[in-house]
Amino acid sequence: MAQVEAYWEGLRGGRPIPFRSEIDPRGIDRALEHAFILERIAPGVARFRLAGSHLNDLMGMEVRGMPVTTLFTPDARRQISDAMEHLFEQPATVRFHLVAETGFGKPALTADVLLLPLKSDLGDVSRALGCLVTEGQIGRTPRRFDLEAVEVLPVAGVAVFPDSAPAVPARGIPASDVPAETVGFAEDQKPFAALEKRTAASKLTCKTAPPYLRLVSSNDDTE
């Protein structure tokens, strides 16, 4: 987790927020198993764009494309959504301390999550680099978590909205450099299709717009 945060800080390079396209998996090689990329798809809603193998192990399935709230109990989802709005809107860094539901085949399990805002290629803050580290045995899957504490800190160098809610103190998140197998973390690049603007001329009908070309015919064969 410390490696992910240090890498994000390095990418900033004096700027408030780095771009998603700048993320290089080699920069967080020791944390790839625990890392993920989020995409904001609606207010308070984000999905996993990419995810390391540890998140798949927690859910017992591939989490790519799934909403983030899938990892949480229904009681925790509202608070998670509120914190993620701060992540993208302020923007801010967010830390969660989580406690998993227990039961048959599900031993005690805690987790710490770090979320760091990123800009998309369009320049809006709609992506996030994240890291999730657990302590304990996974046991039977899926494992879902309750929210025990949350910390929201505005990003330095970015103006904070006056109506922003104060951050809630959270338990310190320990640094973790657990060796992990390298997993694919690069995202396929898609060409950007710019939207064409309609001009005033395109709104003219054939009745009102003068013809561009005029056909002239002649039956004179004197030549």
Exercise for the section: Tell me, please, whether a residue that is over 20 Å from ARG140 (Cα atoms), surrounded by fewer than 19 Cβ atoms within 10 Å (Cβ to Cβ) and over 17 Å from the mean Cα position of the chain (by Cα) can be found in region 50-68. Expected result: no
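Can you tell which of ALA108, ALA92, ALA83, ALA6 is under 18 Å from LEU153 (Cβ atoms) and free of Cβ contacts under 8 Å to residues at least 40 places away in the same chain?
Values: ALA108 fails: under 18 Å from LEU153 (Cβ atoms); ALA92 fails: free of Cβ contacts under 8 Å to residues at least 40 places away in the same chain; ALA83 fails: free of Cβ contacts under 8 Å to residues at least 40 places away in the same chain.
Testing whether each residue is under 18 Å from LEU153 (Cβ atoms) and free of Cβ contacts under 8 Å to residues at least 40 places away in the same chain leaves just ALA6.
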Fill in the blank from the handout: Of the residues in region 22-50, those that are out of contact with any strand residue (DSSP E or B) (no Cβ under 9 Å at 6 or more places or on another chain) and of a type in the set (Gly, Ala, Ser) number 3
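In contact with a Phe, Trp or Tyr (Cβ under 7 Å, 6 or more places away or on another chain), within 20 Å of ASP146 (Cβ to Cβ) and of a type outside the set (Phe, Trp, Tyr), is that true of LEU50?
Working: in contact with a Phe, Trp or Tyr (Cβ under 7 Å, 6 or more places away or on another chain): yes; within 20 Å of ASP146 (Cβ to Cβ): no; of a type outside the set (Phe, Trp, Tyr): yes.
Against the criterion (in contact with a Phe, Trp or Tyr (Cβ under 7 Å, 6 or more places away or on another chain), within 20 Å of ASP146 (Cβ to Cβ) and of a type outside the set (Phe, Trp, Tyr)), LEU50 does not qualify.
Do any strands (runs of 3 or more DSSP E) entirely within region 74-151 hold 2 or more residues that are out of contact with any His (no Cβ under 9 Å at 6 or more places or on another chain), open to solvent by 10 Å² or more (accessible area, probe 1.4 Å) and within 14 Å of ALA46 (Cβ to Cβ), and if so, which?
Values: elements: 92-100, 109-119, 125-136.
Those strands (runs of 3 or more DSSP E) span 125-136.
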Fill in the blank from the handout: Flagged in region 1-44 as basic (Lys, Arg) and more than 15 Å from VAL125 (Cα to Cα), in numbering order, are ARG26, ARG30
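So if I check each of GLU33, GLU39, which one is assigned to a strand (DSSP E or B), of a type in the set (Asp, Glu) and in contact (Cβ under 8 Å) with a residue 24 or more places away in the chain? It would help to see each step written out before you state the result.
On the way: GLU33 fails: assigned to a strand (DSSP E or B).
Criteria check complete, one pass: GLU39.
The values are calculated or read from the model by the stated rules, or taken from the named source; none is laboratory data. None of these values were measured; they are calculated from a predicted model. Glycine also receives a Cβ, built like all others from the backbone with ideal geometry; neighbour counts cover every protein chain displayed. Just the protein is used for accessible areas: all its heavy atoms, side chains included, with ligands, DNA and RNA removed. Shrake-Rupley method; radii C 1.70, N 1.55, O 1.52, S 1.80 Å.
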